Amino acid sequence: MTLNEEIKQLKEELDVTIVAHFYQKDEVFDIADFTGDSLELAKFAARDTKENLIFCGVGFMGQSVKILAPNKRVMMPKIACCAMAKMIDVEYYDQNVKILEDAGITKEDIMPVTYINSSAEVKAAVGKMGGYVCTSSNAKVIIQSALKSGKKILFVPDRCLGQNIAIDMGLTSCVVGDGSDPKEADIICYNGFCSVHQLFDVEDIEFYREKYPDILVISHPECKPEVCAKSDFVGSTSQIIKYIKELPLEQKIVVGTEYNMVNRLREKNTYILSSTKPECPTMNETRLEDVRDTLLSIKNGDFHNEITISEETRKYAFEALNRMFEL
Ligand code: 13P
Ligand code: SF4
């Protein structure tokens, strides 16, 4: 029996749904029951009625489902941690709040917003301060709403997403520790970033524009602000796919996001905005064998890599996530 046949058979036997992010390897992506961006996956998985959920993605994604649906058994073939999410923990978060306090901004005047690419603990710290979670597809709406509080936004952990939203909304921003006065900024960004999306540069855009003058440049908002500013379209993974699917086949496109996803769009005239292969190492950890082993673990009752979160953390993290869903 092939691995694919084994997986198909186990799925038929068990009460399980498999979901996968667009950055997963093709072999994993192809066997998923549902695929999507971070927001779509969290929404779908939390509402799914099967007892078991196998999440093929990175750690914060599986955790988000567990926060939203605590009674569901959530398992991950690999608990691979997003490198950006790893750049912040509660200690660093508290240190950043303290830096702002030392600069003359009281804690009561800070409205934190965390990108969904963060741990349950960081989401809980944000939730405790009355803050929000956002994703790349709704960050602007969430920040618009958070600003109604009249407070300064502390945006964690992705400085690029925070700065890109500030530029888009005509607001001022700074990065904690960049030497500027945070009191002058509307959005104060934590100094985190995605190493994969840092691979795209303005020079790459210039190279493609010179080679193909009518090419469209598309990027993810985790790319540097100067890259997004020179792009024709900026959006979440799902928004990028939708935008590309609506373009005529002959339209040349260059995309600045993760390799597996862009490679699947190659039936169009698609190029990748980098001379190196921009693969997300942690997304790529999950293999078909790992999915099969996780299914087998459900069958054997030992539930491989099950996500657990303490109720105290879950409660506050839920508040931050739920404020996003309420919007
Ligand atoms: P999306 O929400 O756009 O799927 O992004 C998730 C991510 O980690 C991009 O690097
Ligand atoms: Fe995290 Fe970047 Fe990988 Fe997305 S591409 S999961 S932000 S490391």
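Since every read-out is calculated from the coordinates, none of them should be taken as a lab result. What you see is a predicted model; the values in this text were computed from it and never measured. Reconstructed Cβ throughout: ideal geometry from the backbone, glycine too, with neighbour counts over all protein chains shown.
With the crude spin-label approximation of a point 7 Å out along Cα→Cβ, what separation in nm comes out for Gln9 versus Ser180?
Distance between the two pseudo-spin positions: 6.0 nm.
Residue-wise, which Karplus ³J(HN,Hα) couplings in Hz belong to the stretch 211-226, taking 6.51 cos²θ - 1.76 cosθ + 1.60, θ = phi - 60°, and x for glycine or proline?
Ordered by residue, 3J(HN,Hα) equals 6, 10, x, 9, 5, 9, 9, 10, 9, 8, x, 7, 6, 4, x, 5 Hz.
Based on the Cβ-Cβ distance of Asp26 and Ala69, what FRET efficiency does E = 1/(1 + (r/R0)^6) give at R0 = 35 Å, to the nearest 0.05?
Given R0 = 35 Å and the Cβ-Cβ separation, E is 0.80.
Pull up all non-local amide H partners of Tyr115: gap of 5 or more, or a different chain, and H-to-H distance under 5 Å with H placed in the peptide plane.
Distant-sequence amide H within range of Tyr115: Cys134, Val156, Asp158.
Based on DSSP H runs of at least 4 residues, each adding -39500 (n - 2.57), what is the mean residue ellipticity at 222 nm of the chain after dividing by all its residues, to the nearest 500 deg cm²/dmol?
-12000 deg cm²/dmol
At 0.36 nm per residue, minus the direct Cα-Cα distance, what do Asp302 and Phe34 gain on full extension? Give it in nm, one decimal, please.
That works out to 94.0 nm of additional length.
Short version: ³J(HN,Hα) in whole Hz for each residue of the stretch 174-190, in order, from phi by Karplus 6.51 cos²θ - 1.76 cosθ + 1.60 (θ = phi - 60°), x for Gly and Pro, what are they?
8, 10, 4, x, 8, x, 8, 7, x, 5, 7, 9, 7, 10, 9, 9, 5
List the lysines whose Cα sits under 27 Å from the Cα of Lys8, skipping any in the same chain fewer than 8 residues away.
Correct list for Lys8: Lys25, Lys43, Lys50, Lys66, Lys72, Lys78, Lys299.
Going by Cα centres, the stretch 132-172 and the stretch 80-98 are how many Å apart?
First find each Cα centre; the distance between them is then 17 Å.
Out of all DSSP beta bridges with both ends in the chain, state the antiparallel percent to the nearest 5.
Rounded to the nearest five, the antiparallel share is 5 percent.
If you keep only loop residues by DSSP, which trypsin sites (Lys or Arg not before Pro) in the stretch 104-154 have at most 11 other Cβ atoms within 10 Å of their Cβ?
Lys148
Calculate one ³J(HN,Hα) per residue across the stretch 76-87 by plugging θ = phi - 60° into the Karplus curve 6.51 cos²θ - 1.76 cosθ + 1.60, and present them in order as whole Hz with x for glycine and proline.
Whole-Hz 3J(HN,Hα) from phi for the stretch 76-87: 10, x, 9, 8, 8, 9, 3, 4, 5, 4, 5, 6.
Measure off 7 Å from each Cα along the Cα-to-Cβ vector at Cys81 and Glu203, then give the distance between these two points in nanometres to one decimal.
3.3 nm
Which residue fluctuates the most in the chain, going by a Gaussian network model with Cα springs under 10 Å, if the choices are Ser137, Ser275, Ser118?
Ser275
Using only Cα atoms, what is the ratio of the radius of gyration of the chain to 2.2 N^0.38 Å?
For the chain, the normalised Cα radius of gyration is 1.01.
Using only the alpha-carbon atoms, what does the stretch 199-327 span along each of its principal axes? Please give whole angstrom values in decreasing order.
That works out to 57, 37, 26 Å along the principal axes.
Just how large is the dipole of the chain about the Cα centre, in debye to the nearest 20, putting +1 at every Lys and Arg Cβ and -1 at every Asp and Glu Cβ?
In total the dipole reaches around 540 debye.
Run the quick spin-label model on Thr276 and Asp94: label points 7 Å from Cα toward the beta carbon, then report their separation in nm to one decimal.
3.6 nm
With the chain treated as a Gaussian network of Cα nodes joined by springs under 10 Å, which of Phe207, Phe193, Phe29 yields the largest mean-square fluctuation?
So, out of Phe207, Phe193, Phe29, the one fluctuating most is Phe207.
Residues with beta-carbon under 12 Å from that of Tyr208, excluding Tyr208: net charge, scoring Lys, Arg +1 and Asp, Glu -1?
Summing Lys and Arg as +1 and Asp and Glu as -1 gives -3.
Determine by what factor the alpha-carbon radius of gyration of the stretch 194-272 differs from 2.2 N^0.38 Å, reporting the quotient.
Computed over Cα atoms of the stretch 194-272, the ratio equals 0.98.
Where Lys and Arg each count +1 and Asp and Glu each count -1, what net charge lies around Lys183 among other residues with Cβ under 13 Å from its Cβ?
In short, -4.
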